[in-house]
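> Handing you a structure now.
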Amino acid sequence: MSQTIILIRHCKSDWDGSTDDHARPLSARGHRSAPRIGAFLSHHDLVPDEALCSDALRTRQTWAGIKDTLPRAPKATLNPALYLAEPAVMLKALQASNAATIAMIAHNPGTAALAWSLVHTPPADDRFATYPTGGTTILRFNGPISPGTGHLLHFTVPRDLPDPH
């Protein structure tokens, strides 16, 4: 069975310093960026069957902005273990899924490290190394989800995407 994974770093968050990290919301830019990702996924017919999401506020808000632009979207499974998770924890969550297309919305440095470990051939885009907020990688696996076997379909960041409104 082939599987497609969509690795998304949460969109730009607000750093006002008045809330703890877990409760940090998206900034205005982050709220504008999330629908761009959703529109991109929809345009490429990459609608997830399952969404695995850190339970942090900024990842939940990122998913909310993405799903609103999809023709259909699953309810996110909020997973506290994905909050600032190591790549091994994230990989285990992906491997436990039987969905054909899985979205994971999480944090750096874990998301970037996981993307690097899974991709067979990384994109030529230098931003893949830094994985900016809203960075999204789509990988296809023709066998089990395992390091070095993901075929890159897309890597994009919100600033490269048109505003869907």
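The values are calculated or read from the model by the stated rules, or taken from the named source; none is laboratory data. Given the structure is predicted, the values throughout are model-derived calculations rather than measurements. Cβ: placed from backbone, ideal geometry, glycine included. Neighbour counts: every protein chain shown. Note: areas computed on protein heavy atoms with side chains; ligands, DNA, RNA excluded. Shrake-Rupley method; radii C 1.70, N 1.55, O 1.52, S 1.80 Å.
> How far is the Cα center of segment 57-82 from the Cα center of segment 24-43, in Å?
So the two Cα centres are separated by 11 Å.
> Give me the Kirkwood hydrodynamic radius of segment 1-153 in Å, from all C-alpha pairs, to one decimal place?
15.2 Å
> Now for a different question. Work out from phi, with θ = phi - 60° and the Karplus expression 6.51 cos²θ - 1.76 cosθ + 1.60, the ³J(HN,Hα) of each residue of segment 141-150, listed in order in whole Hz, and give x for Gly and Pro.
10, 8, x, x, 6, 8, x, x, 10, x
> Straight-line reach from residue 67: which aspartates and glutamates have Cα under 12 Å away, leaving out those fewer than 8 places along the same chain?
Residue 67 reaches 49, 50.
> Percent of accessible area on segment 1-117 owned by carbon and sulfur, 1.4 Å probe?
53 percent
> Something else about it: Place a +1 charge on the Cβ of each Lys and Arg in the chain and a -1 charge on the Cβ of each Asp and Glu, then give the dipole magnitude about the Cα centre in debye, rounded to the nearest 20.
160 debye
> In addition: Taking θ = phi - 60°, what integer Hz values does the Karplus form 6.51 cos²θ - 1.76 cosθ + 1.60 yield along segment 7-15, in sequence order, with x for Gly and Pro?
Karplus values, whole Hz, x for Gly and Pro: 9, 10, 7, 3, 6, 3, 9, 8, 10.
> Next question, about the same structure. At 0.36 nm per residue, and after removing the present C-alpha to C-alpha distance, how many nm does the segment from residue 29 to residue 129 gain when stretched out fully?
So the extension gain works out to 33.8 nm.
> Let me ask you something else. Taking amide H atoms as placed 1.01 Å from N in the peptide plane, list the residues 5 or more away in sequence, or in a different chain, whose amide H sits under 5 Å from that of residue 135.
Sorted by chain and number, the residues that satisfy this are 9.
> Here's another thing I want to ask about it. Which whole-Hz ³J(HN,Hα) couplings does segment 57-66 yield from phi under the Karplus relation 6.51 cos²θ - 1.76 cosθ + 1.60, θ = phi - 60°, glycine and proline marked x?
Going residue by residue, I get 4, 5, 6, 5, 5, 4, 4, 4, x, 6 Hz, with x marking Gly and Pro.
> Then there's this: State in Å² the accessible area per residue of segment 17-165; use a 1.4 Å probe, count heavy atoms of protein chains only, and round to the nearest integer.
47 Å²
> Pick from 38, 30, 17: which residue has the top mean-square fluctuation in a GNM of the chain where Cα pairs under 10 Å get a spring?
For the chain, modelled as a Gaussian network with Cα springs under 10 Å, the answer is 17.
> Can I ask one more? What spacing in nm lies between the two simple spin-label points modelled at residue 55 and residue 22, each 7 Å away from Cα in the Cβ direction?
0.7 nm
> Along the charge dipole of the chain, which of 141, 124, 61 sits closest to the positive end, that is, farthest toward it, with unit charges on the beta carbon of Lys, Arg, Asp and Glu (+1, +1, -1, -1)?
61
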